[in-house]
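Read-outs throughout are calculated quantities, based only on the coordinates presented, and are distinct from any laboratory measurement. Just so it is clear, the structure is predicted and the values come from calculations on it, not from any experiment. Cβ sites come from the backbone with ideal geometry, for glycine too, and all protein chains shown count toward neighbours.
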Amino acid sequence: MTHIRKAVFPVAGMGTRFLPATKSIPKEMLTLIDRPLIQYAVDEAREAGIEEFIFVSAAGKGALEDYFDTAAALETRLEALGKTDALAALAPTRMPEGALTILRQAQPLGLGHAVRQAKNLIGDEAFAVILPDDVIKGERGALAQMVDAHRDVGGHMVATMDVSRADTSKYGVLDVENETGRLAHARGLVEKPRADLAPSTKAVIGRYILDSAILDRLDTLRPGAGGELQLTDAINADVASVGVTGFRFEGQRFDCGSVQGYVQATAAFAMDRADLCDDYQAFMNDHRRPLRLVA
Ligand code: UTP
């Protein structure tokens, strides 16, 4: 049995890098092959044993909320038509009664602010945070790997990935005290450091297991970079009192919040599907170079 039962999914961001698509479609509903990003995140949480799903949503995200609701008319119609495969495809969108809670973040004041919205629902147990725009492809879900590792070390745990020094300025970066296997004990975290100032090349990506102490910390934290309440700053402030460990997960991470990462993820997931990969490969071979570049 897992000791981590609750997961927070911050889905209130504006997704400006995907405009105009995200003008009316939540970023988390962008589709990789045939499933929206949020489905990958929820599936990963289920694999890790999560039982309570908390979405921190915002105005204009109705499609995201409807997605996990029953679609009675659609299901009745599919049943009448005998479309059993299509009905089965809906199974992952069903949530057990009471398992999903949707909160609203009134203003996009940062990831830390989004997580703080869940305070009353979390209580005093450790919980997971999953950013659905970080999609991780691998044999075993990244969160399930972290839950196993967290059982031994406790405290705050962040997923880490080795990046090039030039890229450190895009991430929260770990200041590593010592490293054992997949675990890196941190003496601090720095948000988006310049390449020459980065304390390591271990970047934090969108999976966390947090001690509930983070919620009190967020209550007293001052806004950081961009005037937003930064989750990284809150974790950093807890290094001495709670302890912070980086976990180098097994799997490939795609930044589906960026157009480039999303396109790469689409290609990687297509190549992984037995029913798509040959066609996809043949198509890409034929279109290696565009015939005409449009400015
Ligand atoms: P991003 O930094 O990707 O911001 O947020 P964004 O607004 O979603 O996208 P861009 O940068 O404008 O394109 C990282 C995660 O934190 C959530 C987002 O939904 C995403 O899962 N988030 C961010 C919130 O829930 N609330 C916020 O105030 C900020």
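Structural remarks
- Lysine pairs meeting the criterion (Cα under 15 Å, 8 or more apart or interchain), as found in the chain: 6
- Between the beta carbons of A267 and E177, assuming R0 = 51 Å, the FRET efficiency works out to 0.85 to the nearest 0.05.
- Taking θ as phi - 60° and the Karplus parameters 6.51, -1.76 and 1.60, the scalar couplings of region 105-116 work out to 9, 5, 9, x, 9, x, 5, x, 5, 4, 5, 4 Hz in sequence order, x denoting glycine and proline.
- Report note on the peptides 5-11, 183-189: ranked by the mean count of other C-beta atoms within 10 Å, highest first, their order is 5-11, 183-189.
- Antiparallel content of DSSP bridges confined to the chain, in %, to 5: 65
- Table column - 3J(HN,Hα) (Hz), region 146-157, Karplus curve with 6.51, -1.76, 1.60, x for Gly and Pro: 5, 4, 4, 5, 5, 3, 8, 9, x, x, 8, 10
- For region 129-199, GluC sites (Glu not before Pro) are listed when DSSP marks them as loop and at most 12 other Cβ atoms sit within 10 Å of their Cβ; the list is E139.
- Each peptide in 98-108, 242-252, 274-284 receives the mean, over its residues, of other Cβ atoms within 10 Å, and ordering these scores from highest gives 242-252, 98-108, 274-284.
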